[in-house]
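Student: Quick one: this structure, given as structure tokens, is what I'll be asking you about.
The values are calculated or read from the model by the stated rules, or taken from the named source; none is laboratory data. Everything quoted here is computed from the prediction, not taken from an experiment. Here Cβ is always computed from backbone atoms with ideal geometry, including for glycine, and neighbour counts include all displayed protein chains.
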Amino acid sequence: FAASQLARLDATDLHGRQVPVSWTVGPDDAILVIPPSDRRGLVLIRWHTAGGTGVVRVLLR
């Protein structure tokens, strides 16, 4: 999808707790920003566009 189509982004850990996340949209990509925290482990990031949704897993160390 084109980064400009990104409508919503949310992230949760494996326990379902929200992880703060924001994004910046460039001309060709979206840059995901997860603020530093003491949280470690797998985070599920879901993005939503007019054309559908997607999920990616990110390991925070």
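Student: How do the pairs read when you match residues in the stretch 11-38 that are free of Cβ contacts under 8 Å to residues at least 12 places away in the same chain and surrounded by fewer than 10 Cβ atoms within 10 Å (Cβ to Cβ) with residues anywhere that are of a type in the set (Val, Ile, Thr) and in a strand (DSSP E or B), using Cβ under 8 Å and keeping only pairs 6 or more apart or on different chains?
Tutor: GLN18/THR12
Student: Shifting gears a bit: Give the residues of the stretch 6-61 that are under 14 Å from the mean Cα position of the chain (by Cα) and polar (S, T, N, Q), sorted by residue number.
Tutor: Within the stretch 6-61, THR12, GLN18, SER22, THR24, THR49, THR53 qualify.
Student: Please go through the stretch 33-48 and pick out each residue that is at pLDDT 80 or above and either within 16 Å of ASP10 (Cβ to Cβ) or hydrophobic (A, V, I, L, M, F, W, C) (or both).
Tutor: At the first step, the residues of the stretch 33-48 found to be at pLDDT 80 or above are 33-34, 41-48.
Within the stretch 33-48, VAL33, ILE34, LEU42, VAL43, LEU44, ILE45, ARG46, TRP47, HIS48 qualify.
Student: Where residues in the stretch 39-54 are among the hydrophobic types (A, V, I, L, M, F, W, C) and over 14 Å from LEU6 (Cβ atoms), which of them is surrounded by the most Cβ atoms within 10 Å (Cβ to Cβ)?
Tutor: VAL43
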